[in-house]
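Let me begin by presenting the structure, written as structure tokens, before commenting on it.
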Amino acid sequence: MLSILFLSLIAVAPSVFAHGFLGQVAIDGKWYAGNVPNNYKGPSPIRLVNDIGPVKGSSNDDLMCGLSAQKAAMVVPANPGSKVTFQWSGGGGQKWPHNTGPLMTYMASCGSTSCGQFDPSGAQWFKIDEVGRKSDGNWYQMDISKGASFDVSLPQDLAPGGYLIRHEILALHLAVSMGGAEFYPSCTQVQIGGNGSGKPNATVSFPGAYSDSDPGIYDPTIYDSGSQYTFPGGPVSNLAATSDSLGAPASGSASFPSGTAAPSPSPSGGSGSGSGSSSSGGNGGSSSSATSPTSASSSSSGGSQGGGSCSLKRKKSSPGNNNHPRHYSRIMKRIMHHATAVSSF
Ligand SMILES: [Cu+2]
């Protein structure tokens, strides 16, 4: 029986741990907890996705905010120039598992709607930041896979109001095949203060901004460290981040606002969430609205399928791609550890 359990762990584990999600976010150093997919714990400004798997396909509605993303209960205060820190997580408490491909950050105004209620299907996104390879040829994402966080300073002339910050990892380890790219969008709800007046000079829509054949999405030369990478989604807007950088891993896990126990939201919507949380998380009286988590978009396409063995199906190995075996052995080590723990009962 133990051997059956062991074998089933081997069969299941890679697909469980080979993906991830935006685990928590900080605004000017104040951390906000995010929920683990399918394990709602409390109000967050991060829109909760229903699976750690990737969004697949450039026409997928889930490119907006991630797989069947829910509207989030909190809208947290920020200002032009605020430093926003993103901490990605892998499944099962692991670090982010992928190391190939860019990080891109977009924003969209929620207009006259509270961002806690905003439907992003008509949103006009402007790109504020993009990073690909570092000067040493390794991807920024390589550092994310080692636990680093990523900082973006918001545009200086951002006009006040509610915005979604769409921070996205593109995992391109399978991008040598058309349709192989894995998209991991995330949306964080913020209320921008100050008195800026900037307007973006160009906006894009999601889906729409990407095509499966874009050179930065389908890229047969992705493992050639000398190859030039072409970012998808157009150029960075005039409203651009004032800086970006890798940061130290978040120390510990941020806690959820207290006294706001809420039922787990269901993708079909309807279950109330976070009512009474409006005073939580705010430090400037900005609107932190509680909302019922009706589905952010009507789509619930199966983007999580197909990536099951994503990190194991690599087409070829190259000198610039030496993290994968290590990642795999880490998974195996974990499995072995589990099996050992089980057998000691
Ligand atoms: Cu993955």
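Amide H of residue 247: which non-local residues (sequence gap of 5 or more, or other chain) have their own amide H closer than 5 Å, using H built in the peptide plane?
149, 150, 151
Placing one identical point scatterer on every Cα of the stretch 145-235 and ignoring solvent, what is log10 I(q)/I(0) from the Debye formula at q = 0.13, 0.20 Å⁻¹?
Evaluating at q = 0.13, 0.20 Å⁻¹ gives log10 I(q)/I(0) of -0.60, -1.10.
Please list 3J(HN,Hα) in residue order for the stretch 211-218, calculated via the Karplus relation 6.51 cos²θ - 1.76 cosθ + 1.60 where θ = phi - 60°; whole Hz, with x for glycine and proline.
10, 4, 9, 3, x, x, 10, 10
Anything over 31 Å Cα to Cα? Flag those among 41/199; 71/134; 56/134; 41/134, in the order listed.
The pairs that break the limit, which is 31 Å between Cα atoms, are 41/199; 71/134; 41/134.
Could you give the length gained on full extension between residue 238 and residue 112, defined as 0.36 nm per residue of separation minus the Cα-Cα distance, in nm? Let's see the in-between values first.
Numbers: separation 126, 0.36 × 126 = 45.36 nm, distance 2.27 nm.
Fully extending the segment from residue 238 to residue 112 adds 43.1 nm.
Name the residues whose placed amide hydrogens come within less than 5 Å of the amide hydrogen of residue 238, ignoring near sequence neighbours (fewer than 5 apart) on the same chain.
201, 202
What is the local net charge at residue 57, summed over the other residues whose Cβ is closer than 12 Å to its Cβ (Lys, Arg +1; Asp, Glu -1)?
-3
With a sphere of radius 14 Å drawn around the Cβ of residue 85, what net charge do the other residues whose Cβ falls strictly inside it have (Lys, Arg +1; Asp, Glu -1)?
Result for the local shell: -3.
Going highest first, how would you order 97-105, 34-42, 148-156 by mean Cβ packing within 10 Å? Could you put the intermediate results ahead of the total?
Details: 97-105: 25.0, 34-42: 18.6, 148-156: 21.6.
The densest-packed peptide leads the list: 97-105, 148-156, 34-42.
Would you grab the residues whose amide H sits under 5 Å from the one on residue 28? Only those 5+ places off in sequence or on another chain, please, with H modelled 1.01 Å from N.
Answer set, sorted by chain and number: 83, 84, 85.
Whole-Hz ³J(HN,Hα) for each residue in the stretch 56-67, computed from phi via Karplus 6.51 cos²θ - 1.76 cosθ + 1.60 with θ = phi - 60°, x for glycine and proline: what do you get?
10, x, 6, 9, 6, 4, 6, 5, 4, 9, x, 4
With θ set to phi - 60°, apply the Karplus curve 6.51 cos²θ - 1.76 cosθ + 1.60 along the stretch 177-182 and write out the HN-Hα couplings as whole Hz, x wherever there is a Gly or Pro.
3J(HN,Hα) across the stretch 177-182, in whole Hz: 10, 4, x, x, 4, 10.
So between residue 221 and residue 253, what do we pick up on full extension, going 0.36 nm a residue minus the alpha carbon distance?
Stretched fully, the residue 221-residue 253 segment lengthens by 7.8 nm.
Could you compute Rg(Cα) / (2.2 N^0.38 Å) for the stretch 70-115, with N its residue count?
1.55
Sketch the reach of a paramagnetic label on residue 245 as a point 7 Å from Cα along Cα-to-Cβ, and name the residues of the stretch 76-103 whose backbone nitrogen lies under 20 Å away.
Correct set: 79-88, 103.
All of the numbers you see were taken from the coordinates with simple rules; none came from a lab. Only a predicted model underlies this, so the values are computations on that prediction, with no experimental measurement involved. Note that each Cβ is placed from the backbone with ideal geometry, even for glycine, and that neighbours are counted across all protein chains shown.
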